[in-house]
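Only the coordinates and a few stated rules stand behind these numbers; no lab work does. Note that the structure is a prediction, hence the values are computed from the model and not measured. Methodologically, a virtual Cβ is constructed for each residue, glycine included, from the backbone with ideal geometry; neighbour enumeration extends over all protein chains shown.
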Amino acid sequence: MPEHIIISGYTKSFQAQKELAEQAFKQLDHTGIHWRPINNTNTVAILVKHLAGHLRSRFADFFTADGERPDRNKAGEFADEPISTQELREIWDRSWAIVFSELNNLADSDLGRRKLLRSEEITVADYLPRVLSHTAYHTGQIVLLSKLYLGTKWEKLV
């Protein structure tokens, strides 16, 4: 059995989520990334910031740091502040670069290794699906908000 068959499956799944979210928010203008259908909902900008922060926290220094990093500003991720599409893209790209760099360093033999998350040790085999599930949840929100904002201008994702 190849050394990276399971990890490569996770890499493909994370890549698919990244691409779906990007296809959606690339269709939006500045107003669209900050639009909310009703009060008290997140905007695409907020979701992008949150997901980028979440992924950076979960993957940076994978085996040497807790997945809930003390330097993470989770409240700041949800702050509704003006941010340009360019700034969002930079935050997004930096976080995803960390994800794929760390995934590339993992082998299937690492799935039984322990990883800290909120001071609790869990196996990498339990950790990766948990992070992927959270990623997919927010990707779906980004896609739906984008589609609602664009209406008939929405371009189907491939």
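Just a few scattered comments:
- R0 of 35 Å, Cβ-Cβ distance T41-R113: FRET efficiency to nearest 0.05: 0.35
- Gained length - K147 relative to E68, 0.36 nm times residue gap less alpha-carbon distance: 25.3 nm
- Mean residue ellipticity (222 nm) of the chain, computed from DSSP H runs ≥ 4 via -39,500 (n - 2.57), nearest 500: -19500 deg cm²/dmol
- For L150, neighbours were defined as the other residues whose beta-carbon sits under 13 Å from its Cβ, and their charges (Lys and Arg +1, Asp and Glu -1) total +2.
- Extended-chain gain in nm, criterion 0.36 nm per residue less alpha-carbon gap, A79 and N105: 6.1 nm
- D (Stokes-Einstein, µm²/s), Kirkwood Cα radius, the chain, 0.890 mPa s at 25 °C: 150 µm²/s
- In degrees, nearest ten, helix 85-105 long axis to first principal axis of the chain (Cα): 20 degrees
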